[in-house]
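In what follows, a structure is listed as structure tokens, so that the remarks can point back to it.
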Amino acid sequence: MFGRNFCAQNGARRVTRSNPKRRFQLILIKPSHYGDDGYVIRWWRSVTPSNSLAAVYGIAADCAARGALGPDTAIDIEAIDETNTRVNIAALKARLARHDGFGLVALVGVQTNQYPRALDIARPFRAAGIPVAMGGFHISGCLSMLDGKAVDLDACRALGISMFAGEAEGRLDTVLQDAAAGQLKALYNYIEDLPAMQQTPVPFLPARYVTRTVGHSTTFDAGRGCPYQCSFCTIINVQGRKSRFRSADDIEQLVRLNWAAGISKFFITDDNFARNREWEAIFDRLIRLREVDGIPLGLMIQVDTLCHKIPDFVEKAKRAGVTRVFIGLENINPDNLAAAKKKQNRITEYRAMLLSWKAQGIITIAGYILGFPADTAQSIRRDIAIIQNELPLDGLEFFCLTPLPGSEDHQTLWKNAVPMDSDLNTYDVEHVCTAHARMSREDWEGIYREAWQLYYSPQHMKTLLRRAAATGVSLRSLVKLLVVFSSTVRIESVHPLQGGVLRLRHPSERRPTLAPENAVVFWTRLVTDTLKNHASLARLIITLALQARAIARDPAASYYLDQALTPVDAEQDDSLELLNKTAGARAAVAHVRKVAALTAAH
Ligand code: B12
Ligand code: SF4
């Protein structure tokens, strides 16, 4: 926990020890990655804050407050999320030089797609002899599943970047002490030794960083680990399959810490909060904070497709302040789900699950993966139409099936020497990184972009607004969601999860492997693109806002009913395309019937 010197409003920069002789400069950088045009993806305000950064910041602030480097040494912490803040390498180097290089550049939460950018940030610091360490899913995933060198880990070794695998709770002291002594090790590997989460420092970012995100929301992970075994998943191989969790007391502490700075909107980043063993105690505490203490909590959680079967889960989620739920739907073809070992996803339950969230007026968003073995461009078009007509989903997010280092899928391809893209920058689940049996690379990339246009068609967005008005979902929130989800890929060629307001670029952020551009060309294009894109965005916002207003004023709006909103009726649902169109779907229905008949016979 944070020590007595920690100040929520001002952040750990104000954490001081009495008359320290030296000040250790800890620079936490969460890198972004390069967009298709070769410039770093960065915004004036990003949509989603980084929990990896908040987690490491919280641990570092605790180290500072406890005086982990001894009574004579203070730790000054700076946090930079590159998606909303430019990494000014010259200024950071100058700052470190003022402290005789006494400090550490920590590259935080580095994913595979961010690894090339992280190395580019590290290079000038290493050239100046400044200690650099890196942690996150790329290093952890590779060390958990591969041979210790793949994929490209030798680049860290060559540059003298210290690699950290596993989780930093209880371990950051050692890294900081080694850095302060000039004795950073080449590798800290704790991947087989995952810490318990109770009573560890909670994720936290001071308000001056949180205000760089749209909506001023922040994050925490209430737990880690998932019991399932999806073959495309890296999480189970890095954070394990056992549920580890924070205590309700810890959650209350972090909510109060943030509320002291006026922040009450949280993204709970657990991949599957429904499988957090402490979910009920945590919800109960959040309910108390909201209903008794009056903290206006607004939460987003991630869950699986069977969460509605847990007694009281959905109802308590509502009372705790959940306004948006992200569901790992992934696909509606059971053959695809079985191929990915995602058998826990039962398409026969999808409507019941989504309707239970709708009954609480909660916005439903699902992840949908394109590129499973049975997919073709045509089958994907068909499936999107089925979802639009038959499932009460608000948002749908598309991803390309990607062999992410750390996943079983990647390990299998790697062991069999199947070709995969050698540019790690493209492993962002938006690009195609390996071959597909039934789609060419062009078809696959084409249908990925088309999928966003198909789902967020003007007509379907109008239907979504109508459904929202009929189910008590906030039209204002839905309009915001539709603006981001329908435009970010089309306008900026970036996934909404990496989106933001006002895309920024700087010549210094061009990928070094690409030739620098002429300054006049660069700045002229930046200004014209910005004007053009914002005109398109303004049109979209006005159209959706006017539609929402008209629907809100329609006295019949609350009676709207369509196939998706129709309550589940086993017999009628049998005729749905969702349960009929593929052999896998028909087999799933037959299986459910068989189980029901056997159960009834007993
Ligand atoms: C919340 C989340 C997001 C949020 C916030 C980002 C964030 N990283 O916090 C949002 C929505 C923005 C997001 C977006 C994306 N995400 Co994401 N995200 C997650 C999620 C669910 C939780 C992240 C988290 O908080 N973990 C908990 C923290 C505490 O763990 P950690 O990051 O590993 O950090 C610990 C250790 O690694 C270590 N550590 C980390 N850094 C350092 C540094 C040093 C020096 C040291 C000593 C230790 C250390 O200590 C930390 C504390 O224990 C993870 C899955 C997961 N369970 O982690 C996916 C995950 C990280 N995301 C992933 C992906 C692919 C993306 C996107 C590219 C998707 C997209 N196209 O939009 C974007 C990238 C955007 C971006 N700028 O990061 C992948 C990465 C896989 C990989 N191998 O690269 C993951 C693993 C999910 C998956 N599908 O497998 N994401
Ligand atoms: S349910 Fe989600 S977190 Fe769990 S194994 Fe599957 S993809 Fe990974």
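The values are calculated or read from the model by the stated rules, or taken from the named source; none is laboratory data. The structure displayed is predicted, hence computed values, not measured ones. Note: ideal-geometry Cβ built from the backbone for every residue, glycine included; neighbour counts use all protein chains shown.
Values computed for the structure shown
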quantity: Single condition Thr412 does not satisfy, out of (1) away from ligand 1 (no atom under 16 Å from the Cβ); (2) surrounded by fewer than 22 Cβ atoms within 10 Å (Cβ to Cβ); (3) of a type outside the set (D, E, K, R); calculated: (1)
quantity: Residue, nearest to the chain's Cα centre (by Cα), within region 258-292, restricted to residues that are within 16 Å of ligand 2 (Cβ to nearest atom) and in a helix (DSSP H, G or I); calculated: Phe273
quantity: Residue in region 398-406 that is aliphatic (A, V, I, L, M) and not in a loop (DSSP other than H, G, I, E, B) present; calculated: no
quantity: Among the residues listed as Val175, Val238, the single one being within 30 Å of Gln411 (Cα to Cα), more than 16 Å from ligand 2 (Cβ to nearest atom) and of a type in the set (Val, Ile, Thr); calculated: Val175
quantity: Selection from region 200-226 of residues that are surrounded by fewer than 22 Cβ atoms within 10 Å (Cβ to Cβ), in contact (Cβ under 8 Å) with a residue 12 or more places away in the chain, hydroxyl-bearing (Ser, Thr, Tyr) and more than 9 Å from ligand 1 (Cβ to nearest atom); calculated: Ser217
quantity: Which listed residue is under 19 Å from Leu393 (Cβ atoms) and surrounded by fewer than 21 Cβ atoms within 10 Å (Cβ to Cβ), from Val484, Val501, Val473, Val494; calculated: Val484
quantity: Odd one out for Glu571, checked against (1) assigned to a helix (DSSP H, G or I); (2) surrounded by 11 or more Cβ atoms within 10 Å (Cβ to Cβ); (3) of a type outside the set (Gly, Ala, Ser); calculated: (2)
quantity: Members of region 156-184 found to be part of a helix (DSSP H, G or I), more than 10 Å from ligand 1 (Cβ to nearest atom) and in contact (Cβ under 8 Å) with a residue 24 or more places away in the chain, listed by number; calculated: Cys156, Arg157, Leu159, Asp173, Gln177, Ala180
quantity: Per-region count, region 331-365, residues within 16 Å of ligand 1 (Cβ to nearest atom), surrounded by fewer than 23 Cβ atoms within 10 Å (Cβ to Cβ) and not hydrophobic (A, V, I, L, M, F, W, C); calculated: 1
quantity: Enumerated helices (runs of 4 or more DSSP H) restricted to region 440-519, each holding at least 1 residues that are within 14 Å of ligand 1 (Cβ to nearest atom); calculated: 441-455, 475-492
quantity: Residues of region 340-367 satisfying the condition of being in contact (Cβ under 8 Å) with a residue 40 or more places away in the chain and closer than 23 Å to Ala437 by Cβ; calculated: Ala340, Lys341, Lys342, Asn345, Ile347, Gly367
quantity: Near pairs, Cβ below 7 angstrom, 6+ apart or cross-chain, from region 384-408 (surrounded by fewer than 20 Cβ atoms within 10 Å (Cβ to Cβ)) to any residue that is polar (S, T, N, Q); calculated: Asn389/Gln563; Glu408/Ser231
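This table checks each residue for (1) within 15 Å of Tyr209 (Cβ to Cβ); (2) touching a helix residue (DSSP H, G or I) at 6+ places or on another chain (Cβ under 7 Å); (3) at pLDDT below 95; (4) not polar (S, T, N, Q).
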| position | (1), (2), (3), (4) |
| --- | --- |
| Gln25 | no, yes, no, no |
| His33 | no, yes, no, yes |
| Tyr39 | no, yes, no, yes |
| Trp43 | yes, no, no, yes |
| Ser52 | yes, no, no, no |
| Asp62 | no, no, no, yes |
